[in-house]
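The values are calculated or read from the model by the stated rules, or taken from the named source; none is laboratory data. Computed from a prediction, not measured in an experiment: that's the story for all the values here. Here Cβ is always computed from backbone atoms with ideal geometry, including for glycine, and neighbour counts include all displayed protein chains. Heavy atoms of the whole protein, side chains included, go into the accessibility calculation; ligands, DNA and RNA do not. Shrake-Rupley method; radii C 1.70, N 1.55, O 1.52, S 1.80 Å.
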Amino acid sequence: MKRGFRLTRSTDFKRVRRFGKSYAHPLVVLVAHPSPQGQPTRIAVVAGASVGGAVVRNLAKRRLRACLDEIFPNCLPGWDLIVIARKPIAQAPFLEI
């Protein structure tokens, strides 16, 4: 996923977390909110300390970004998305992610 399509500002994170709608899955949580002024879809991948140590968290984020690369072209424009990794993602096979 190109850096231009990543959600990076803390103000954007706060807006999406506060006003967005969340959808839970055993491996990830998706928080979605329409982006202002019809911008292209931007995605943030987050892994908290509950996922594991730094190596495990970075591995989980890399695997999520690789999966999102495949489905990103099919996403509708105009959304800000936060994908939050959950603890079981560390042991999940790549195909399940």
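Relative contact order of the chain, please, whole-number percent, based on alpha carbon pairs below 8 angstrom and at least 6 residues apart. Let's see the in-between values first.
Values: 157 pairs, mean separation 37.4, N = 97.
Across the chain, relative contact order equals 39 percent.
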**Request:** For Val55 and Arg3, calculate 0.36 nm times their separation in residues minus their Cα-Cα distance, and state this gained length in nm to one decimal.
**Result:** 16.6 nm
**Fill in**
With no solvent term and unit scatterers on the alpha-carbon positions of the chain, Debye gives log₁₀ I(q)/I(0) at q = 0.12 Å⁻¹ of -0.36
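Give me the net charge for the shell around Glu96: Cβ to Cβ below 15 angstrom, other residues only, Lys and Arg +1, Asp and Glu -1.
Working: positive: Arg63, Arg86, Lys87; negative: Glu70.
Within the 15 Å Cβ shell, the charges total +2.
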**Fill in**
Over the chain, with neighbouring protein chains present, the accessible area per residue in Å² at probe 1.4 Å is 65 Å²
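Multiplying the sequence separation of Asn74 and Ile97 by 0.36 nm and subtracting their Cα-Cα distance, what value in nm do you get? Each step should come with its number before you reach the end.
Numbers: separation 23, 0.36 × 23 = 8.28 nm, distance 1.72 nm.
Separation in residues times 0.36 nm, less the Cα-Cα distance, equals 6.6 nm.
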**Message:** Residue by residue through segment 49-60, what is 3J(HN,Hα) from phi via Karplus (6.51 cos²θ - 1.76 cosθ + 1.60, θ = phi - 60°)? Round to whole Hz and write x for glycine and proline.
**Reply:** 5, 5, 6, x, x, 4, 5, 5, 4, 5, 4, 4
**Request:** Using per-residue counts of other Cβ atoms within 10 Å, averaged over each peptide, order 74-83, 4-13 from highest down.
**Result:** 74-83, 4-13
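If you roll a 1.4 Å probe over the chain with all protein chains in place, what percent of the accessible area is carbon or sulfur? List each step's numbers first, then the result.
Details: 3650 of 6270 Å².
In the chain, the share of accessible area belonging to carbon and sulfur is 58 percent.
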**Amide H contacts of Arg42 (H built 1.01 Å from N, under 5 Å, at least 5 apart or other chain)** = Trp79, Asp80, Leu81
**Request:** Might you report the magnitude of the Cβ-based charge dipole of segment 48-97 about its Cα centre, with Lys and Arg at +1 and Asp and Glu at -1, to the nearest 20 debye?
**Result:** 280 debye
